[in-house]
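Trainee: Have a look at this one.
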Amino acid sequence: MDAQTLHPATSTGIPNRKLAIWTFIGSECLFFASLISVYVVYRGKSLVGPYPSEIFEIPLVTAGTALLLFSSLFVVLALNGCEQGNRKKFLGWLAMTILCGFFFIGMQVYEFTHFYHEGLTMQKNLFGASFFTLTGFHGTHVAIGVIWLLTVFFEGVRGRVPPAKALNFEIAALYWHFVDVVWIVIFPVVYLMN
Amino acid sequence: MATSVLDHAGAAGIHPERTGLWAWITTVDHKKVGILYGASAFVFFLIGGLEALVIRWQLMKPDNNFVSAEFYNQLFTMHGTTMIFLAVMPLSAMFFNFFIPLLIGARDVAFPRLNAFSYWVFLAGALFLNSSFLFNAAPNGGWFGYANLSSKQYSPGLNMDFWAMGLQILGIASLAAGVNFFVTVLNMRAPGMKLIRMPMFVWMSFITQLLVLLSFPIITVALILLMIDRLFGTNFFVPLGGGDTMLWQHLFWVFGHPEVYILILPAFGIISEILPVFSRKPLFGYTAMVFSGCFIAFLGFGVWSHHMFSTGMGPIADSVFSLATMLIAIPTGVKVFNWLGTTWGGSIQMKTPMYFALGFIAMFIMGGLSGVMHSSAPADLQQTDTYFVVAHFHYVLFGGSIFALTAGAYYWWPKMFGHMLDEGLGKVHFWLMLIGFNLTFFPMHIVGLEGMPRRVYTYPAGLGFESLNRLETIGALILGFSFLVFIVNVLKSSRSGVAAPADPWNGATLEWAIPSPPQEFNFPSIPTVHGRDALWEAKRAHGGKLPEPVRVSGAGIHLPNPSYWPFLAALGVVLIFIALMHHEAKYGLLYIAAAVALLFFSIFNWVFEPAEG
């Protein structure tokens, strides 16, 4: 039973849960802004290497970025399918979104492992510390998003996300878009501006 | 025909009264959550007060050794941390919880279980922080934890781990509540209650939640970086590894300055509720009060480096932050003049809440004056790190926040508990508190300007600090005693206090339209509002008085189910941090994984449990 449909209209007309996720996203923007600021403040201040230009694999990360960007498109298509009651469209595109998320995380795991083998640890220098913290927290947010989308997927498979309950999916999708937008800031600031 | 609530309890969706401890652990009722916050906050306020009394006993005479230097460091760190995060903030939260839904004409907050979660996480964080005393490892690096004193090298014990992780846990509670109240105020107002008709306490609380949402993430990051340094050996704040200790100060104070507005804005809101009622006059300059509150919050993000005037930032930074700090005095002054304008020409009712409200105005003005003295960077170079600063912030935080919260307690006590507090004892409390407070903190302006430094466990004889310090200690004892008077009042009134009507003060706002204490569903039917001071407006339409509201059955009103998942999720959160402290133990990673699993398990069950009956 969806509490939202039982409730009277809200003062703003926006459902409570939707307003809540936007509020949460606004707060999280400050969280990532702080982490990104720390990275920027410490850029060029590492006492020893490895340094970013020696170690970044831009083509790989660009591919991962593209995957994440497309996943935002896919989740919109999935949401559209859900709202229309089109089960195939909903679950098909949602599966694609989740796959993209998995591959993005896979890219990051590979990248972190590669850096570690090149001698870059958190403790090695300020670049390692600030890079792993920033991208690690972002990656954790992606992972939470994947778990959330997987939950929606399995609920969808069981037929528990009809159009009347599309709001629940929309909220997960909003969170997913936020995670993508944060990466759209991180990618140029960290990888491209060197 | 009036029927008893209990007749219809099972059939109507009103839950048959759960009893005892289980009722409290599973409650999602904002009024119960409010009382939980208030009771806990008061206990921690007393603990913080005890820490202060020990500090004052140590400083009573020169070259004293009542406590060691090391223990003294723990005392002032915990006193500050406790008073800010475990006393003032949760006391404000008591009023947010109990009264925001009532003031806007709602049945509960937007997310009742998230509300309960916030409380349990707060309690867990408070207990976590204070458990450090059991290990003789209470935080000892100041409430602001400056780097790199807070590093593993210079703070090798567990003290600063308790501090950083404790604050992190408390931050989670505040953020969750921030989302909850932000949505509640925007979305759950009664029909006709436009934003510009809301009671001023709701406005100030709303702005406070926005400040929490924007500032807490920054300290979250600062604490994460500190913990990564301490646990995993990174160099964010370690100069030898390239780290910059100034980065800590900037991150901390970008949070820390908005934090002090988080501490004072709810107090402003309470005063703006009390003065009109006890002057029998509407609030003067409502719109100016709203906009000045918004302006204070906005400017509050632009003054943080006035805490850093002695760190060598250079003349441009010093000047910019000086100017911004002076600017922020203007909207604050607007508020003070509007409060005076409210009482001017009013029919003043000298009851206990009014005593504390008027005391607030006087004490807060004094705190503001020393504050604007700090705003000049060159003058602050003499004042910083001396007792002059201690005087300033106690005048605004105690003379301001605590006086206002006390006023709020006397004002709203009848509504919360159904009986009046004794007026005679209330006035004794006020005078003892006013006298004790000023005896304790006024001399600090003087010894501060004469050079007595902060955060030092003793001072030598012959510098001229002795007599004033002794006076301050006597003042602190009087101040402490005043709270014993309050406790006696609370106990006496709970046993034999006069039963409170719905509206003992001739109030202007909706909470006075329902019985004292309110029924679980708050309003039998959601009111429609036509203007500000909704209840005065309703009384005018009814020839000046409204009949005493009767208790009704509440049949057909849907309320959220109680739940234990918020409690378990909160337990999961704190267990994660405890496990992190033991991450080097044999099965350390396993403990962390188990705690994370508990958290996820609780969240899943919470999400999939039906919210309503």
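Trainee: Does residue A:25 fit the bill of being over 22 Å from residue A:144 (Cβ atoms), in contact with a Phe, Trp or Tyr (Cβ under 7 Å, 6 or more places away or on another chain) and more than 9 Å from every other protein chain (Cβ to nearest Cβ)? Write out each step before concluding.
Mentor: Details: over 22 Å from residue A:144 (Cβ atoms): no; in contact with a Phe, Trp or Tyr (Cβ under 7 Å, 6 or more places away or on another chain): yes; more than 9 Å from every other protein chain (Cβ to nearest Cβ): yes.
No, not satisfied.
Trainee: What are the residues in the range A:142-174 that are part of a helix (DSSP H, G or I) and not aliphatic (A, V, I, L, M), if any? Spell out the reasoning first.
Mentor: To start, the set of residues in the range A:142-174 that are part of a helix (DSSP H, G or I) comprises A:142-157, A:163-174.
Result: A:145, A:148, A:151, A:153, A:154, A:155, A:156, A:163, A:165, A:168, A:169, A:170.
Trainee: Out of all the residues in the range B:546-554, is one or more within 30 Å of residue B:130 (Cβ to Cβ), of a type outside the set (Ser, Thr, Tyr) and away from every other protein chain (no Cβ under 14 Å)? Give the steps one after another, and end with the answer.
Mentor: Narrowing the range B:546-554 to residues within 30 Å of residue B:130 (Cβ to Cβ): none.
The answer is no, given that none of the residues of the range B:546-554 is within 30 Å of residue B:130 (Cβ to Cβ), of a type outside the set (Ser, Thr, Tyr) and away from every other protein chain (no Cβ under 14 Å).
Trainee: Still on this model: Given the conditions (1) loosely packed, with under 15 Cβ neighbours inside 10 Å; (2) assigned to a helix (DSSP H, G or I), report the number of the one that residue B:345 does not fulfil.
Mentor: Result: residue B:345 passes all but (2).
Trainee: Could you tell me how many of the residues in the range B:377-432 are out of contact with any strand residue (DSSP E or B) (no Cβ under 9 Å at 6 or more places or on another chain), more than 22 Å from residue B:45 (Cα to Cα) and of a type in the set (Ser, Thr, Tyr)?
Mentor: Residues flagged as out of contact with any strand residue (DSSP E or B) (no Cβ under 9 Å at 6 or more places or on another chain), more than 22 Å from residue B:45 (Cα to Cα) and of a type in the set (Ser, Thr, Tyr) within the range B:377-432 amount to 1.
Trainee: Quick check on residue B:274: is it in a helix (DSSP H, G or I), among the aliphatic types (A, V, I, L, M) and either away from chain A (no Cβ under 12 Å) or free of Cβ contacts under 8 Å to residues at least 12 places away in the same chain (or both)? Steps first, please.
Mentor: Working: in a helix (DSSP H, G or I): yes; among the aliphatic types (A, V, I, L, M): yes; either away from chain A (no Cβ under 12 Å) or free of Cβ contacts under 8 Å to residues at least 12 places away in the same chain (or both): yes.
Considered against the rule, which asks whether it is in a helix (DSSP H, G or I), among the aliphatic types (A, V, I, L, M) and either away from chain A (no Cβ under 12 Å) or free of Cβ contacts under 8 Å to residues at least 12 places away in the same chain (or both), residue B:274 comes out as yes.
The rows are residues; the columns are (1) on the phi > 0 side of the Ramachandran plot; (2) surrounded by 24 or more Cβ atoms within 10 Å (Cβ to Cβ); (3) among the hydrophobic types (A, V, I, L, M, F, W, C); (4) not in a loop (DSSP other than H, G, I, E, B).
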| position | (1), (2), (3), (4) |
| --- | --- |
| B:56 | no, no, no, yes |
| B:66 | no, no, yes, no |
| B:74 | no, no, no, yes |
| B:97 | no, yes, no, yes |
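Trainee: Considering only the range A:34-53, I want to know if a residue exists there that is facing chain B (nearest Cβ under 10 Å) and in contact with a Lys or Arg (Cβ under 9 Å, 6 or more places away or on another chain).
Mentor: There is at least one residue in the range A:34-53 that is facing chain B (nearest Cβ under 10 Å) and in contact with a Lys or Arg (Cβ under 9 Å, 6 or more places away or on another chain).
Trainee: Can you tell me which residue among A:61, A:109, A:75 is closer than 18 Å to residue A:172 by Cβ and either part of a helix (DSSP H, G or I) or among the acidic types (Asp, Glu) (or both)? Walk me through it before giving the result.
Mentor: On the way: A:61 fails: closer than 18 Å to residue A:172 by Cβ; A:109 fails: closer than 18 Å to residue A:172 by Cβ.
Criteria check complete, one pass: A:75.
Trainee: Find the residue count for the range B:507-528, including only residues that are in a loop (DSSP other than H, G, I, E, B) and either closer than 14 Å to residue B:551 by Cβ or more than 27 Å from the chain's Cα centre (by Cα) (or both). Please lay out each step first, then the result.
Mentor: The first filter runs over the range B:507-528 and keeps only residues in a loop (DSSP other than H, G, I, E, B), leaving B:507-509, B:514-528.
Checking the rest, the ones that are also either closer than 14 Å to residue B:551 by Cβ or more than 27 Å from the chain's Cα centre (by Cα) (or both) come to B:514-528.
Residues meeting the conditions: 15.
Trainee: Residue B:280 is checked against (1) within 12 Å of another protein chain (Cβ to nearest Cβ); (2) charged (D, E, K, R); (3) surrounded by fewer than 24 Cβ atoms within 10 Å (Cβ to Cβ) and fails just one. What number does that condition carry?
Mentor: Among (1) within 12 Å of another protein chain (Cβ to nearest Cβ); (2) charged (D, E, K, R); (3) surrounded by fewer than 24 Cβ atoms within 10 Å (Cβ to Cβ), the lone unmet condition for residue B:280 is (1).
Trainee: Kindly provide the set of residues from the range B:164-184 that are more than 9 Å from chain A (Cβ to nearest Cβ) and either farther than 14 Å from residue B:89 by Cβ or outside any helix (DSSP H, G or I) (or both), ordered by number.
Mentor: Kept after step one, since they are more than 9 Å from chain A (Cβ to nearest Cβ), are these residues of the range B:164-184: B:164-174, B:176-177, B:181.
Of everything in the range B:164-184, those that are more than 9 Å from chain A (Cβ to nearest Cβ) and either farther than 14 Å from residue B:89 by Cβ or outside any helix (DSSP H, G or I) (or both) turn out to be B:164, B:165, B:168.
Trainee: Any residue at all in the range A:86-97 that is aliphatic (A, V, I, L, M) and closer than 29 Å to residue B:227 by Cα?
Mentor: Going residue by residue through the range A:86-97, those that are aliphatic (A, V, I, L, M) are A:91, A:94-96.
Now drop any that are not closer than 29 Å to residue B:227 by Cα, which leaves none.
No, the range A:86-97 contains no residue that is aliphatic (A, V, I, L, M) and closer than 29 Å to residue B:227 by Cα.
Trainee: So which of B:430, B:360, B:356, B:364 is more than 25 Å from residue B:293 (Cα to Cα), surrounded by 23 or more Cβ atoms within 10 Å (Cβ to Cβ) and in contact (Cβ under 8 Å) with a residue 12 or more places away in the chain? Lay out the reasoning, then the answer.
Mentor: Details: B:360 fails: more than 25 Å from residue B:293 (Cα to Cα); B:356 fails: more than 25 Å from residue B:293 (Cα to Cα); B:364 fails: more than 25 Å from residue B:293 (Cα to Cα).
Answer to the check: B:430.
Trainee: Only one residue in A:104, A:90 is in contact with a helix residue (DSSP H, G or I) (Cβ under 6 Å, 6 or more places away or on another chain), within 21 Å of residue A:28 (Cβ to Cβ) and modelled with pLDDT of 95 or more, so which one is that? Spell out the reasoning first.
Mentor: Details: A:90 fails: within 21 Å of residue A:28 (Cβ to Cβ).
Every option except A:104 fails the conditions.
Trainee: Looking only at the range A:44-99, count how many residues are basic (Lys, Arg) and in contact (Cβ under 8 Å) with a residue 40 or more places away in the chain.
Mentor: Initial filter on the range A:44-99 (basic (Lys, Arg)): A:45, A:87-89.
Filter again for in contact (Cβ under 8 Å) with a residue 40 or more places away in the chain, leaving A:45, A:87.
Residues in the range A:44-99 being basic (Lys, Arg) and in contact (Cβ under 8 Å) with a residue 40 or more places away in the chain: 2 in total.
Trainee: Counting only residues that are more than 10 Å from chain A (Cβ to nearest Cβ), among the hydrophobic types (A, V, I, L, M, F, W, C) and assigned to a helix (DSSP H, G or I), how many does the range B:192-237 have?
Mentor: Within the range B:192-237, residues that are more than 10 Å from chain A (Cβ to nearest Cβ), among the hydrophobic types (A, V, I, L, M, F, W, C) and assigned to a helix (DSSP H, G or I) number 13.
Residue-by-condition table, conditions (1) touching a Ser or Thr at 6+ places or on another chain (Cβ under 8 Å); (2) β-branched (Val, Ile, Thr); (3) part of a helix (DSSP H, G or I):
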residue	(1), (2), (3)
B:32	no, no, yes
B:43	no, yes, yes
B:50	no, no, yes
B:61	no, no, no
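Trainee: Something else: Being within 23 Å of residue B:442 (Cα to Cα) and in a loop (DSSP other than H, G, I, E, B), is that true of even one residue in the range B:465-475?
Mentor: Here is the first cut: in the range B:465-475, the ones within 23 Å of residue B:442 (Cα to Cα) are B:465-475.
Now restrict to residues that are in a loop (DSSP other than H, G, I, E, B): B:465.
Looking through the range B:465-475, at least one residue is within 23 Å of residue B:442 (Cα to Cα) and in a loop (DSSP other than H, G, I, E, B).
Trainee: Scan the range A:160-187 residue by residue and report those that are out of contact with any helix residue (DSSP H, G or I) (no Cβ under 8 Å at 6 or more places or on another chain) and in contact (Cβ under 8 Å) with a residue 60 or more places away in the chain. Show your work before the answer.
Mentor: So the first thing to find is which residues in the range A:160-187 are out of contact with any helix residue (DSSP H, G or I) (no Cβ under 8 Å at 6 or more places or on another chain), and the list is A:160, A:162, A:165, A:181.
Residues satisfying the conditions are A:162, A:165.
Trainee: Another question, if that's okay. Filter the range A:113-156 for residues that are of a type in the set (Val, Ile, Thr) and within 12 Å of another protein chain (Cβ to nearest Cβ); which is farthest from residue A:68 (Cα to Cα)?
Mentor: Taking the range A:113-156 as the starting set, the residues that turn out to be of a type in the set (Val, Ile, Thr) are A:113, A:121, A:133, A:135, A:140, A:142, A:144, A:146-147, A:151-152.
Going one step further and asking which of them are within 12 Å of another protein chain (Cβ to nearest Cβ), we end up with A:121, A:133, A:140, A:144, A:147, A:151-152.
On the way: A:121: 25, A:133: 20, A:140: 14, A:144: 14, A:147: 15, A:151: 19, A:152: 19 Å.
Filtering the range A:113-156 for residues that are of a type in the set (Val, Ile, Thr) and within 12 Å of another protein chain (Cβ to nearest Cβ), the one farthest from residue A:68 (Cα to Cα) comes out as A:121.
The values are calculated or read from the model by the stated rules, or taken from the named source; none is laboratory data. Remember, it's a predicted structure, so these values are computed and weren't measured experimentally. Heads up, the Cβs are rebuilt from the backbone with ideal geometry, glycines too, and the neighbour counts pull from every protein chain shown.
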